[in-house]
Each structure stands twice: as structure tokens, then as C-alpha cells.
Amino acid sequence: MIDKNERMFSNKYLLILIVPLLIEVFLSVAVGMADTMMVAQDSEASVAGVSSINTIQNLFVFLFQAFATGGAIIASQYIGKGDKERACFSSKQLMNISFIASIAISIAMLVFRAWIINLVYGDLEDDVYECALSYFVPILLSMPFFAMQSSANAICRTMGKSMITMVVSLIVNIVNIAGNAIFLFSFNMGAMGVGLASLISRIIGATIMCIVICNKSHEIHIEEPFKIQFDFHLIGKILKIAIPSALENTIFNIGKILVSAMIVSLGTSAIAANAVLDNIGTFSNMPGSAISMAMITVIGQCCGAKKFDQARHYGKKLMAIAYISMSSLSLVLIIALPYLTEIYNLPPATTKLAIKVLRLNLIQSAIFWPLSFTFPNFLRATGDVKYTMIVAIASMWIFRVVFSRIFAINLGMGLEGIYWGMYLDWYCRIVFFIIRYLSGKWEKKTIV
């Protein structure tokens, strides 16, 4: 049993860390919902087009977040070790590689954007295709700004300054929603307008966060931000975390794209119902997502200080918070589903389908999502990223991809079958992650 006076983090510290993260995640999800609901006023094709590109966009969103996570874990462990100078310099390396990688990827994607859409969604209806193509351009232009803000956000959270990222997120999301309203309703720009609003908001967010992390009064800050310096030893440490996480997220999202292609084959109604599920289902996962980010800061510092008993203590505490909050939120959403789905202004058959799959999804999420997706960040924060990568990739492809096709196409279960394949994926992950935790092998994975 850990004596209270020996604990690295007080309950007040955890509260100050987690609550802003929860609000930030809420704002992010709320804007996603607002995007879908506002573009739904344009047409069902616009909803389907935006949803299709968001699936591709997530492939790169998670890639840049993997870089941010790698840098945050290294910086957290250096802080736990008491080496603030290396924490600062590792943060600068994170910003450098995020900027260079995001520019290169965005340029390549812009050149081949039409080919990519045709490759992934070859049988999109013409009106959906046009909406997807117009939305894709501003989203790709916004990627470097998203990458920079993600890295800067991760650095701030490493210091426990999640209040800063929350306030900036509030500003960014207000700009995004205002932009949606202007471009959609004043200029009738449809899906392109939603993309432009995202571009403008990400430029503003990246600018503010880059100014914040250059403030020398902060525990971790970046000096001479316009001077590119490479420390390949530190970059190697970051990439040791980032590459497995990036591979995991990239391959995971390629699988999700294949699953999305199956959903496309089920028709526009299934695509639109799935978009609603993505919005509301993601809303129910907000507490778990916030705790996932807190895990990096708390568990990373515990492991950097070699205090593994405290890592166990805080891991259990954070998971308990995730379960209580997610279960409560899921219950509220299940009760409110008939009213929430009306907001999307979809045809009755699509609304009925959305409610059916959402009810099951909310129940499954409350029981299994935290152990499937929050808990792995405990292992990642220790540096044990290869194991989580192998488990996630294998489980994804065996269950979510293969069984989704069997259930949805071969057995004729439609959209519901797609999600049963996903739930099998969750069950598999849980078994292997718990086995790894109980083995104690993660204690030997500390990076610094």
C-alpha cells in the first residue's frame, strides 16, 4: 500500500489535469458533431462525403498524434527523472520532425488526392464524390498546422498544463463553428465550406500553441524555435515510441478505411447512419479519451522516476475514473437517443438504423472500451509500445476487418455486422493487454 505522503500526484493535481482534458475532448467531439449536423442541412451527399474523407483524414491525424505521444512520453520520463534540460530539447526535436513530416505528407496527398479517393471509395455516387473531393483540399492544407498544434499540446500536457490546451481548444472550436455557419449558410459552400472552417481554425490553434511553448517561464519550453537542430539520439528515442504507435495507428486506420469501404457498399443510408454513430459514439468515449491523455503525463513521470508501485496505483485510479464516467455518460445518451438523432435531419429509415446500432454501441463501450483503448496508454507511457502495436494490429485485421465482412456481407447483417466485428476486436485486445500488465514486463521498458 502506498503511503499518501509518498504519492507523486495529489488528487487536486489529477483533478486539475483531467477536467480540462475532458472539456477539451468534449469540445473536439462537439465540433465534429456540429460539422456533421450543419453540413446535413446542405444534403445527405455532403454528410456522406465529409464522413468518407474524415476516415482518410484520421489516418494522418493519428500519425501526427503518434509523434506527439512519442515526444510527450520521452519528456514526461525526463521530468520524472529530474532532467528538465533534456525534456526541453526532446520537445524541440518533436516539433522539428512533426513539421517536416506533415509538410511532406500534405504535399504528396494534395497531388494524388483524386487517385486516393478513387482507390479507397471507387464506387462512390457522383454527388458524394464531388463533395468528398472539394472537402479534401482544405483538410490537406490544414494538416501541417494540426501536426504542430498536436505536438505543442502534448508538450503542455506533459507539464500538467492542460488548462492552456483547453482554452486554446475553446478558441479554435468557436472559430470552427463560426466558420461553418458563414461558409455553409451565407456562402452556400457545402462540404468545401466545412473544410475551410477547419483550415482557418487549425492555423489559429497552431499559431497560439507555438507561442505558448516558446515561453521560457514554462518548465518545458523551446528556445530558438526557427533554428532547426537535430539531436539524432533524442530523435531515436522519440521514434522508438512514435514509430510503433504510428504503425499501429496507420495500419489500424487502413483497416478502418477498408471497413468504411464495406459500409459504402451498403448504401448512402448506412453511410449516413454510421456518421451519426461516429459522432454520438465518440461523444460517449470522451472520458476514456481524456484519461488516456492523462496516463501519458502521470504514468510517464512515475516510470521516469522508477516508481513502478506508484504507476500501478495511479493506473488503477485513472481506470476507475474512466469506467465510472463512461458508464454514467453512456446511460444518459441511451435515454436521449431518440431526441439526439432527430437533430441530424435524416430520413426515418436512416434514423431508425442509427438508433439501433447506437444502443448496442453505447452498452459495449461502457463495458469494454476503457480496457481496450484507455488502458493501453498505461503500457505506452512506460515505453512498452511494440507489444501494444502487435496486439492492436493483429486483433484489428483478424476481427474488425475479416469478421466484419463475414458478418455484414456474407451473413447479411449489414451495418450491425460491421460493429460486431469491431466488438470482437475489443474483446481480444483486453485479454492480451491484461496479460501484459500482470506479467510486469512493462517495468523494463522505461526509455530514459
Residue hits (region 229-239; part of a helix (DSSP H, G or I) and touching a residue at least 60 places away in the same chain (Cβ under 8 Å)) are Leu234, Ile235, Lys237, Ile238, Leu239
Scan region 424-434 residue by residue and report those that are open to solvent by 50 Å² or more (accessible area, probe 1.4 Å) and under 22 Å from Ile73 (Cβ atoms).
Phe432, Ile434
Selected residue (only one of Ile406, Ile430 is part of a helix (DSSP H, G or I) and over 20 Å from Ser372 (Cα atoms))
Ile406
Can you tell me how many residues within region 208-228 are open to solvent by 80 Å² or more (accessible area, probe 1.4 Å), of a type outside the set (Gly, Ala, Ser) and part of a loop (DSSP other than H, G, I, E, B)?
6
How many residues does region 349-366 hold that are surrounded by fewer than 19 Cβ atoms within 10 Å (Cβ to Cβ) and either touching a Cys at 6+ places or on another chain (Cβ under 9 Å) or touching a residue at least 40 places away in the same chain (Cβ under 8 Å) (or both)?
3
Say whether the condition of being over 28 Å from Ile254 (Cα atoms), β-branched (Val, Ile, Thr) and open to solvent by 30 Å² or more (accessible area, probe 1.4 Å) is met by at least one residue in region 146-169.
yes
Single residue of region 229-250 satisfying the filter (under 18 Å from the mean Cα position of the chain (by Cα) and not hydrophobic (A, V, I, L, M, F, W, C)) that is surrounded by the fewest Cβ atoms within 10 Å (Cβ to Cβ)
Thr250
Picked from region 38-53 (must be assigned to a helix (DSSP H, G or I) and of a type in the set (Gly, Ala, Ser)), the residue surrounded by the fewest Cβ atoms within 10 Å (Cβ to Cβ) is Ala40
Could you pull out the residue among Leu333, Leu346, Leu340 that is touching a residue at least 40 places away in the same chain (Cβ under 8 Å), open to solvent by less than 50 Å² (accessible area, probe 1.4 Å), under 30 Å from Ala34 (Cβ atoms) and not in a helix (DSSP H, G or I)?
Leu346
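Does any residue of region 276-283 turn out to be among the small types (Gly, Ala, Ser), assigned to a helix (DSSP H, G or I), surrounded by 23 or more Cβ atoms within 10 Å (Cβ to Cβ) and out of contact with any Gly (no Cβ under 8 Å at 6 or more places or on another chain)? Before the answer, list the steps.
Keep residues of region 276-283 that are among the small types (Gly, Ala, Ser), which gives 281.
Subset that is assigned to a helix (DSSP H, G or I): 281.
Of the ones still in play, those that are also surrounded by 23 or more Cβ atoms within 10 Å (Cβ to Cβ) are none.
No, region 276-283 has no match at all.
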Kindly indicate whether any position in region 54-71 is over 15 Å from the mean Cα position of the chain (by Cα) and either among the aliphatic types (A, V, I, L, M) or surrounded by fewer than 24 Cβ atoms within 10 Å (Cβ to Cβ) (or both).
no
Consider region 284-329. How many of its residues are surrounded by fewer than 18 Cβ atoms within 10 Å (Cβ to Cβ) and of a type in the set (Val, Ile, Thr)?
1
What tally of residues in region 406-423 results from selecting those that are among the hydrophobic types (A, V, I, L, M, F, W, C) and surrounded by 17 or more Cβ atoms within 10 Å (Cβ to Cβ)?
6
Need the failing condition index for Asn253 against (1) of a type outside the set (Ser, Thr, Tyr); (2) farther than 30 Å from Thr446 by Cβ; (3) surrounded by fewer than 23 Cβ atoms within 10 Å (Cβ to Cβ); (4) touching a residue at least 60 places away in the same chain (Cβ under 8 Å), just the number.
(2)
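Evaluate region 381-397: report whether one residue or more is part of a helix (DSSP H, G or I), aromatic (Phe, Trp, Tyr), at negative phi and surrounded by 21 or more Cβ atoms within 10 Å (Cβ to Cβ).
So far as region 381-397 goes, no, none of its residues is part of a helix (DSSP H, G or I), aromatic (Phe, Trp, Tyr), at negative phi and surrounded by 21 or more Cβ atoms within 10 Å (Cβ to Cβ).
The values are calculated or read from the model by the stated rules, or taken from the named source; none is laboratory data. Quick caveat, the model's predicted, so the values are computed rather than measured. Cβ sites come from the backbone with ideal geometry, for glycine too, and all protein chains shown count toward neighbours. SASA here: full protein model, heavy atoms, side chains in, ligands and nucleic acids out. Shrake-Rupley method; radii C 1.70, N 1.55, O 1.52, S 1.80 Å.
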